[in-house]
Structures are given as structure tokens and as C-alpha cells.
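Data block below; observations after.
Just so you know, all these numbers are worked out from the coordinates, no wet-lab data involved. Keep in mind it's a predicted model, so treat the numbers as computed, not measured. Backbone-built Cβ (ideal geometry, glycine too); neighbour counts: all protein chains shown.
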Ligand SMILES: [Zn+2]
């Protein structure tokens, strides 16, 4: 993962997979963005869990998402806390996935000040301990 | 069924301390309780209902009832972050209306400034079901989520940093008259814009203060109020609502006030033009701007225009707000400003705000609390209060 010259690497805290979200983490380990979908009403569920808050269904199936999305909101963090301090400035964003959900993430491998709402981004899989977390980076030319 | 007129706020107390290294959290709760009960003309032995939230130490209401020696027929430890204490007044009025208690004590206290710790509940965040999908991004405390909301508001509606700064400026104009305010210096829009960026688009002066402190409220039944010598304030209406991420389809352009506000106005039977003063939760400037829109004081997206040109300055502005200096300048005790919102609204209705910022003949006031994060999940609570005979 590249970073700008003046800043330290962005920390990548380990997730703690549980029985509800394990298929998500199995997917990211293979570089695939797996999402749960309600088997009753077909709603794509976020955050990953075995409950559909649209229809109260409790059965989900997992499918591979495109990994593409658009920035819905973004902030450049200048004053960070703890282990994040040396990494500032860095970008936190909501990315609206093509499949619908708006997910919290970082936008990486980019000059933070150039990141804009509406920009198209794609998923990047970043090692976090034994797992991989999903960050995003601008599409080439976006 | 309605709580209108079922209960009165008879006692208020805002702890004067902003840095309390030599007090314990339980002690701050108890000192605040003592102050509010004295203000009401009541004592600890009169209390039969107790309300506290995640900032209360130990086992919450059980530990604090023990500490203060309370005998209660009703307890409530609803937890909605900083909005809780506004909601508590509604809950207390409901309980009183149903005959569950007659003298309800609500307390808050903590010391994030010198105690090195945020309010209670922080230790449970790691066990939240969403934590695997929100804990990896370096969200810098509360400001990150509110900054995301501000980012979207600016994108959709063209809201500017100058407009957000107007909110801090108005709060600072009020704070200069409050001897206990943490920040008493009047600031300009330019000074706000020159303050360091924390999490864009929010700068340091868009953020509330971090203070130790506490507060308490005493809410009583009408028959108790009738026996008390001081000026009471009537509870007219209350509404509350959690807002959440809506299965990943979160809309960052509004808060839960779009639901809590209409519930409170409806129960109170008043309209926006009747509101003489408003305490609006001001964890950040964007919190105020969006709440004013969501409560219906202006159209969605027009909050920036609404707050300009001194609209929030008391007296004389079209909607005088946060005349104690608010969370932005006065106090945000234990990172939870709901109780101070109610306290200043009561001061206004009693005519006991500082003379420089007292709204003339303030008859109806609104207090609004916002807890959690505008960026993810939050609690909104709206309270409408009136003069004793309103
Ligand atoms: Zn469903």
C-alpha cells in the first residue's frame, strides 16, 4: 500500500470475525467482496449479518459484489488519535456500492485533498493481521 | 394520552466546575443532585424516581441510588448518549402521569477532561454488532461522523464553512456573559475559519468543548409543584427517535429530529412561531444547522441561510439559542450536553438567564438533544416547556 511521503502507514486494525459475518471475511481473504442478500426479499444487507432489517428475514445467501462504488460523503482527518496520529491526513468515506449499501471505509493511494463526493472508486483488499479489510481507491481516471 | 401538564420541572442545577480532578464521578452526580433538589425546595428523601444513563458509574441507577441513599419506586437508565437527559424529562413526566413516582431526579456527571475517560458505555462499543465494519477506519472520536454529515450537506445544499461559523460566533457572544463558561471570548467568523482543521470540513471551533462537570433536574407531579415556593416550568410535550444506518442506506442529510420534533410539537400543541427560545444540541456546528432544519424552523437545505446575520443571537435574533454559550463555548459535561440544554431552557422560562441574553417574556422554550453520531446511529430527543401557567 502506498502512502504519501510525509505520513506514516494507515493502521489496519484486525476485525474479529463472528459466526454471522465469517463468509465476508472468507471472501476478503481471497480478494472478493462478498455480501449477504436476504433470501426472502432479496435486499442486499449491510453491515453483514444474518438478519434482514427490511423484512425481518433471518436467512441470507452470499454473493460476490463488483467492488465498484461512488463516494457518498468524505472527510479528511487532520487531527487523529492514538496510532492513527502519524497517518494523518487520511480519508474516511462512505462509499455507495453498486449493489446499494453505503459502507464506511478509507480512500487510499490518493492525495487526500483530491478526493471528492461523487468520485468513482474500487475495492482494495488490505492485510489486517490474518484477515483482509476493504478499502477503496479512485478508479483510474476518476 | 399525553404528558402535557402532567409534570413540572421544579429544580435545576448545572455544576459550576469544568475541571474537577479532585472529585469522583459519583460525587459529581450527587453534588448536582443536591443542587437541583435545593433549587426545588426538596430533599433527597423526597425522591421516589431516579433517572441516569451511561455516564453514571458502576451499576448505574443501582450504584447511584445506593450512593445517595434513594428509595425509589421507579428507575430509568435509558441510554441515548447526549440526548438521553432530554428524553429523561419526557420519561419522568410519563412515569409521573401514570402514578409511578412523584419526584423524579435526573443526574449526569463525569470527567472526560481530567479523568482521562469518556462517558460510560465506551467500554461496550467493541462488542457492538457493527464494530467489525466501523472500527477499522480511524474515525477520530465523535467529530469524524459529524464531518461526514457536514460533507454531504455541503455537497447537496451548498452549505458553507462561513455559515457553520456563524453558529459558533452566536454561541460565543452569549458565553461572554456566563462566568462559568469554559470559553468566554467572543470570536469572529474569520477566527473560526482560521482555527485548525480537525476532520474536514469541521475545524476546531466547529467542535464543542471537552469539560468535566455535571447537572441535575427535578421533575415533579402537579400536586408537588403546587406546594413548592419557586418558579416551576411546565412540561408541554416530548418526542424521541433513534435514527440508524437503515441497512446501509443511511441518509446523512437529516437527523432523528425529523421524527422527534413533530412528536413534541404535536403533544405540546404549539407551533414554531410559539417558540421564544431554543436550546439546540451543539456538539458541532453542523449538529445545530441540521437540527434547525429537521425541527422545521427552516426548509431542508436552508439552514445555512437561516443561521446567518445573527439569527441565533439573543435577544433580537429570530430564534435565540443556547444563551449559556452552549456546548460550543460553555460546557459539554462528560461529553453529553442534553442536561445543560434543558437547564438553560428552564432558566429562560423563569427569566433567570443572564440579563444580557434573557429573551423578554419567554413563554415557550424548546430543548433538543442529539446523542451518538450523525454519521451512523443516533438518538434525538425534543422537549417543549412552558411557563407555569402556560
Ligand atoms: Zn428481507
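Scanning the range B:218-256 for residues that are within 14 Å of chain A (Cβ to nearest Cβ) and either at positive phi or part of a loop (DSSP other than H, G, I, E, B) (or both) turns up B:244, B:245, B:246, B:247, B:248, B:249, B:250, B:251, B:252, B:253, B:254. Filtering the range B:206-216 to residues that are touching a helix residue (DSSP H, G or I) at 6+ places or on another chain (Cβ under 8 Å) and either over 10 Å from residue B:14 (Cβ atoms) or surrounded by fewer than 24 Cβ atoms within 10 Å (Cβ to Cβ) (or both) leaves B:206, B:207, B:208, B:209, B:212. Counting the residues of the range B:257-283 that are surrounded by fewer than 24 Cβ atoms within 10 Å (Cβ to Cβ) and assigned to a loop (DSSP other than H, G, I, E, B) gives 5.
Contact map, the range A:42-63: first residue closer than 16 Å to residue A:104 by Cα, second residue within 7 Å of the ligand (Cβ to nearest atom) and part of a loop (DSSP other than H, G, I, E, B), Cβ cut-off under 6 Å, separation 6 or more or different chains; pairs are A:45/A:52. Taken as a whole, the structure places residue A:18 among residues that are at the interface with chain B (Cβ under 9 Å from one of its Cβ atoms) and surrounded by fewer than 21 Cβ atoms within 10 Å (Cβ to Cβ).
Hey, can you tell me all the residues within the range A:65-74 that are more than 8 Å from chain B (Cβ to nearest Cβ) and in contact with a strand residue (DSSP E or B) (Cβ under 6 Å, 6 or more places away or on another chain)? Steps first, please.
As a first pass, look at the range A:65-74 and keep what is more than 8 Å from chain B (Cβ to nearest Cβ): A:65-71.
A:65, A:67, A:68, A:69, A:70, A:71, listed by residue number.
Could you tell me which residue of the range A:30-66 is farthest from residue A:128 (Cα to Cα), considering only residues that are surrounded by 14 or more Cβ atoms within 10 Å (Cβ to Cβ) and more than 16 Å from the ligand (Cβ to nearest atom)? Ranking the candidates gives A:65 first.
Within the range A:31-51, the set of residues being within 12 Å of chain B (Cβ to nearest Cβ) and assigned to a strand (DSSP E or B) comprises A:35, A:36, A:37, A:38, A:44.
For the range A:75-86, the count of residues that are in contact with a helix residue (DSSP H, G or I) (Cβ under 6 Å, 6 or more places away or on another chain), within 7 Å of chain B (Cβ to nearest Cβ) and not in a loop (DSSP other than H, G, I, E, B) is nonzero.
Would you be able to say whether some residue in the range B:177-199 is outside any helix (DSSP H, G or I), within 14 Å of another protein chain (Cβ to nearest Cβ) and crowded, with 22+ Cβ neighbours inside 10 Å? Don't jump to the end; show me each part of the working.
Within the range B:177-199, the subset outside any helix (DSSP H, G or I) is B:177-188, B:195-199.
Subset that is within 14 Å of another protein chain (Cβ to nearest Cβ): B:195-199.
Among the residues that remain, those that are also crowded, with 22+ Cβ neighbours inside 10 Å are: B:198-199.
Yes, the range B:177-199 has at least one match.
From (1) part of a loop (DSSP other than H, G, I, E, B); (2) more than 9 Å from chain B (Cβ to nearest Cβ), pick out the condition that doesn't hold for residue A:54. Failed condition: (2).
Select, from A:72, A:94, the only residue that is in contact with a helix residue (DSSP H, G or I) (Cβ under 8 Å, 6 or more places away or on another chain), part of a strand (DSSP E or B) and surrounded by fewer than 24 Cβ atoms within 10 Å (Cβ to Cβ). Walk me through how you get there before you give the answer.
Working: A:94 fails: surrounded by fewer than 24 Cβ atoms within 10 Å (Cβ to Cβ).
On inspection, the qualifying residue turns out to be A:72.
In this entry, residue B:10 passes the filter for residues that are more than 15 Å from residue B:213 (Cα to Cα) and surrounded by 20 or more Cβ atoms within 10 Å (Cβ to Cβ).
The set of residues from the range A:97-125 being at the interface with chain B (Cβ under 9 Å from one of its Cβ atoms) and under 30 Å from residue A:52 (Cα atoms) comprises A:97, A:100, A:101, A:102, A:103, A:104, A:105, A:106, A:117, A:118.
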